[in-house]
1. Can you name the condition, by its number, that Leu106 falls short on among (1) closer than 21 Å to Arg214 by Cα; (2) modelled with pLDDT of 95 or more?
2. Any idea which residue in the stretch 200-230 is surrounded by the most Cβ atoms within 10 Å (Cβ to Cβ), counting only those that are touching a strand residue (DSSP E or B) at 6+ places or on another chain (Cβ under 9 Å) and of a type in the set (Ser, Thr, Tyr)?
3. Return yes or no: is Ala108 open to solvent by less than 10 Å² (accessible area, probe 1.4 Å), over 17 Å from the mean Cα position of the chain (by Cα) and closer than 24 Å to Arg162 by Cα?
4. Is it true that Leu132 is over 26 Å from Ile92 (Cβ atoms), among the aliphatic types (A, V, I, L, M) and open to solvent by 50 Å² or more (accessible area, probe 1.4 Å)?
5. Residues that are in contact (Cβ under 8 Å) with a residue 40 or more places away in the chain and among the acidic types (Asp, Glu): find the helices (runs of 4 or more DSSP H) completely inside the stretch 207-323 holding 2 or more of those.
6. Does Tyr146 fit the bill of being more than 17 Å from Gln304 (Cα to Cα), part of a loop (DSSP other than H, G, I, E, B), among the aromatic types (Phe, Trp, Tyr) and touching a helix residue (DSSP H, G or I) at 6+ places or on another chain (Cβ under 6 Å)?
7. Taking the stretch 149-170 only, how many residues are part of a helix (DSSP H, G or I) and crowded, with 22+ Cβ neighbours inside 10 Å?
8. From the residues in the stretch 267-311 that are open to solvent by 90 Å² or more (accessible area, probe 1.4 Å) and of a type in the set (Lys, Arg), which one is farthest from the chain's Cα centre (by Cα)?
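The values are calculated or read from the model by the stated rules, or taken from the named source; none is laboratory data. Given the structure is predicted, the values throughout are model-derived calculations rather than measurements. Cβ placement follows ideal geometry from the backbone for every residue including glycine, while neighbour counts extend to all protein chains displayed. Surface areas here come from the heavy atoms of the whole protein model, side chains and all, with no ligands, DNA or RNA. Shrake-Rupley method; radii C 1.70, N 1.55, O 1.52, S 1.80 Å.
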Amino acid sequence: MQTTILITGGAGFIGSNLCEYFIGKGYNVVCLDNFATGHRHNIAHLFQNQNFKLIEGDIRNMSDCVDAVNGVQYVLHQAALGSVPRSINDPITSNDVNVSGFLNMLVASRDAGVKRFMYAASSSTYGDSENLPKVEHIIGKPLSPYAITKYVNELYAEIFSRTYGLETIGLRYFNVFGRKQDPNGAYAAVIPKFVMQFMNYESPVINGDGNFSRDFTYIDNVIQMNELAMTTTNPEAVNTVYNTAFGDRTTLNDLVGYLKQFLSEHDPAIATVDVIYGPNRAGDIPHSLASIDKARTLLGYNPQFSMPEGLKEAVSWYWNNLK
């Protein structure tokens, strides 16, 4: 029997890349999305594929969740309202989607006899912990409503594993970037936003002095982690959480340097665009760096793309698709 995977938020940045990858690997893929932040054009090329099915629905609606998990063996739950600033501006909606919607998906998956439930956790769960690198068993207090919702996801997943026997694996994503990441909107991530601004000769604004650092993680490393989490047969590897990152950190100033370097290969004038420094942003942590030892040991994770390697790929994609 052909394996069927449900990818919630499958029209979003990470979800659409997962849809494309697993269709290419010969799986049946069901995509559930309400297009609040995802885009139809991200998955339009899959509509004619007989192994792909789109359900337009909302994880806040239990009946949509029940429909989506019907006949599914694995769930890759990506649907969420991302963004720390969005959660600060509207904590209620973030909670509705990220907590209530998550619980709906767990219940529906349990009732449908889903084999394993992988979900997008977040590095924001580390909160005010100053330990570097971040190791999975040491977290601090959350610094935003978004961070609270993602931590609650981990607590619910653990309870569902213990109480109902549903296998769960949480992937704490660290600043994922790459093709199909939306550069537009009030809550656009820093890399696509800066790429578009540079391509338009606009000066990007860095929050703070540019010395804050992040473990920027290319999309193909994230796809690898999802596949390993889904296919592992190691009983010690399930019912836990993993950092999903490259295991290196880059300052925002260095990021800008890389962006200018790679973009000016397409258009030399971009090298002359200056950046503007603004105030620090509420809820931001200064530094983020993941230990990926646990994922290496238990899942055999071996990320293929460093930050500069991934960034060069991403810049090329933006140039060819959005210029």
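1. All conditions pass for Leu106, except number (1).
2. Thr217
3. yes
4. Yes: the conditions hold for Leu132.
5. Output list reads 219-231, 307-322.
6. no
7. 4
8. Per the criteria, the residue is Arg281.
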